[in-house]
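Report on one structure; see the data block that follows.
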Amino acid sequence: MRKILVTGGAGFIGSNFIIYWLKKYPGDFIVNLDKLTYAGNKDNLKEVENNPNYRFVKGDIADGKLVESLMEGIDYVVHFAAESHVDRSIIEPALFIRTNVLGTQVLLEAALKHKIKKFHYISTDEVFGSLALDQQDKFSENTPYNPRSPYAASKAACDHLVRAYNYTYGFPITISNCSNNFGPFQHPEKLIPLAITNILENKEVPVYGDGLNVRDWLFVEDHCRAIDLILESGKIGETYCVGGLTEEINNLQIVKKIIRILKKDESIIRMVKDRPGHDRKYAIDWSKIHQELGWQPINGFDVWLEKTVFWYKENQWWWSKLKSGQFKKYYEEQYPDL
Ligand code: NAD
Ligand code: TYD
């Protein structure tokens, strides 16, 4: 039995990962450390909450004493916990530095002290900066860092810190830089769930700027399989880029696809003021993880998008709570044009 400390496991990707892992490795034990910020949601984990091999701990990754106590007997750390939304990082950058950078350092220090066997850090392709729309290159493990939002800068700082623990102390780390994830249990502040749930509620869908910004899109379950492969067979000290099977698709095209799936009218789209410093394009070359570990996405974007839309359609109980209360205030401030 392996004992794994997952941080941020009540968030979108972390909760999908815990469900995935306990299904595939029912003999392993998972401790989930999560502060339950606005983005953390125990509803995501209903499927495992009574599993005797699962334990939830409410707490902060920057709390050294707590983190130290939880490291006892841990084999692997899989570190997801973070402030993850670019728009919020523009409003409150200090919180991103505290949680993402300082929190990661606290975890690294405790994990080093306890001689953890593997520490996997979940990073993002946003550390590489932005491509031009007509540029054919893609981000890879060799792309120089050029983060441009407070969020991306905080994640880049962590990549450097995690690598520094490897070089300096010989600490066994791996890193994955993945593209935009989508799928079940993603907070409706992010583009795809926001578009789906707004359409389901007959509300306008805000699209920033000219809507031509491009992202690479990775289905969350494909991402979980990539992390699994890296933990099982990845080379210590290495970074792996992970992306989707996406033809180049811009935000406006994505929203139009969702509208088509839900059989609604395109008049529901509302072009709004652009995000400051909005990165134009991300594209990711995931040939290293494909060649070295045999990973590739199971389906293309359209198949996964349709599944995702149906999940939100069938699980209104999950997201309707999230769109009231605190989020309503954020939404009104973020989208004054709506
Ligand atoms: P999320 O915002 O849905 O979840 C983050 C989780 O971390 C929440 O459960 C929250 O409660 C928890 N958390 C926040 N601060 C904490 C703290 N101080 N201590 C303990 N827990 C804390 O994020 P996500 O989309 O699941 O992303 C997970 C990781 O993957 C993040 O590190 C993010 O940067 C990275 N990532 C995400 C994407 C994406 O598209 N979602 C893409 C690339 C990388
Ligand atoms: P988002 O889901 O916030 O992820 P990220 O900023 O990390 O890429 O945004 C994805 C894209 O969608 C990005 O180009 C910004 C755009 N976007 C909108 O056009 N409208 C919105 O309301 C949101 C939240 C995002």
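The values are calculated or read from the model by the stated rules, or taken from the named source; none is laboratory data. Note that the structure is a prediction, hence the values are computed from the model and not measured. Virtual Cβ from ideal backbone geometry, glycine too; neighbours counted across all protein chains shown. Please note that ligands, DNA and RNA were not included when accessible areas were found on the heavy atoms of the full protein model with its side chains. Shrake-Rupley method; radii C 1.70, N 1.55, O 1.52, S 1.80 Å.
Over 25 Å between C-alpha atoms is what I'm after, so list which of Lys190/Lys313; Lys203/Lys257; Lys46/Lys113; Lys155/Lys257; Lys257/Lys323; Lys307/Lys329 land there. The partial results should precede the final answer.
Values: Lys190/Lys313 16 Å; Lys203/Lys257 16 Å; Lys46/Lys113 33 Å; Lys155/Lys257 31 Å; Lys257/Lys323 22 Å; Lys307/Lys329 30 Å.
Too far apart for the 25 Å limit: Lys46/Lys113; Lys155/Lys257; Lys307/Lys329.
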Item to check | Inter-site label distance for Asp265 and Lys313 at 7 Å from Cα along Cβ, in nm | outcome: 2.0 nm
Next on the checklist: Using Stokes-Einstein with the Kirkwood hydrodynamic radius over Cα pairs, what translational diffusion coefficient do you get for region 65-118 at 4 °C and a viscosity of 1.567 mPa s, in µm²/s rounded to a whole number?
Outcome noted: 107 µm²/s
Checklist entry - Computed over the Cα atoms, what is the radius of gyration of the chain divided by 2.2 N^0.38 Å, N being its residue count? => result 0.95
Checklist outcome for this item: Between Glu201 and Tyr167, the FRET efficiency computed from the C-beta separation at R0 = 45 Å comes out, to the nearest 0.05, as 0.35
Checklist outcome for this item: Projecting the Cα atoms of Trp286, Asn315, Tyr167 onto the charge dipole of the chain, where Lys and Arg contribute +1 and Asp and Glu -1 at Cβ, the residue farthest towards the positive end is Asn315
Item to check | Antiparallel DSSP beta bridges within the chain, percent to nearest 5 | outcome: 5 percent
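Of the accessible area of the chain, with the probe set at 1.4 angstrom, what percent is carbon plus sulfur? Walk me through the intermediate numbers first.
Values: 7220 of 14180 Å².
Of the solvent-accessible surface of the chain, carbon and sulfur hold 51 percent.
What is region 163-256's relative contact order, in percent, from Cα pairs under 8 angstrom and six or more apart in sequence? Provide the component values of the computation, followed by the final result.
On the way: 111 pairs, mean separation 40.5, N = 94.
Result for region 163-256 is 43 percent.
Give me the percent of Cα-Cα pairs in region 100-204 that sit more than 16 Å apart, rounded to a whole number. Please list the in-between numbers first.
Numbers: 3619 of 5460 pairs.
I get 66 percent for the Cα pairs in region 100-204 exceeding 16 Å.
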Item to check | Cβ-based charge dipole, region 6-106, positive-most Cα from Ile90, Ile19, Gln105 | outcome: Ile19
Checklist entry - In degrees, nearest 10, range 0 to 90: what is the angle between the Cα axis of helix 220-233 and the longest Cα principal axis of the chain? => result 20 degrees
Next on the checklist: Using only DSSP helix segments of four residues or longer, with each worth -39500 (n - 2.57), what per-residue ellipticity at 222 nm results for the chain after dividing by its residue count and rounding to 500?
Outcome noted: -12000 deg cm²/dmol
Checklist entry - How big is the charge dipole of region 198-334 about its Cα centre, in debye rounded to the nearest 20, if each Lys and Arg gets +1 on its Cβ and each Asp and Glu gets -1 on its Cβ? => result 600 debye
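Using mean Cβ contacts within 10 Å as the protection proxy, how do 59-70, 159-170 order, highest first?
Details: 59-70: 17.5, 159-170: 14.9.
Result, highest mean Cβ count within 10 Å first: 59-70, 159-170.
Using the Cα centre as the reference, give the magnitude of the dipole from point charges on the C-beta atoms of the chain (Lys, Arg: +1; Asp, Glu: -1; all else neutral), rounded to the nearest 20 debye. Can you show the working numbers first?
Values: 42 positive and 44 negative charges, 136 e Å.
Here the chain has a charge dipole of around 660 debye.
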Next on the checklist: For region 157-252, report the % of Cα-Cα distances exceeding 17 Å.
Outcome noted: 63 percent
Next on the checklist: Relative contact order for region 1-130: what percent, with Cα pairs under 8 Å and sequence separation of 6 or more?
Outcome noted: 28 percent
Item to check | Amide N of region 23-56 lying under 18 Å from the label point, which is placed 7 angstrom from the Cα of Arg2 along Cα→Cβ | outcome: 23-33, 53-55
Checklist entry - Over the Cα atoms of region 211-338, what Rg and Dmax result, in angstrom? => result 17.7, 50
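For the chain, report the accessible area per residue in Å² (1.4 Å probe, heavy atoms, rounded to an integer). Write down the numbers at each step before the final one.
On the way: 14180 Å² over 338 residues.
With the other protein chains kept in place, the chain gives 42 Å² per residue.
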Item to check | Exposure of Ser15 as accessible area (Å², to 10), given a probe of 1.4 Å and all protein chains | outcome: 0 Å²
Next on the checklist: Please list 3J(HN,Hα) in residue order for region 111-126, calculated via the Karplus relation 6.51 cos²θ - 1.76 cosθ + 1.60 where θ = phi - 60°; whole Hz, with x for glycine and proline.
Outcome noted: 5, 5, 4, 8, 6, 4, 6, 8, 10, 9, 9, 8, 10, 9, 6, 5
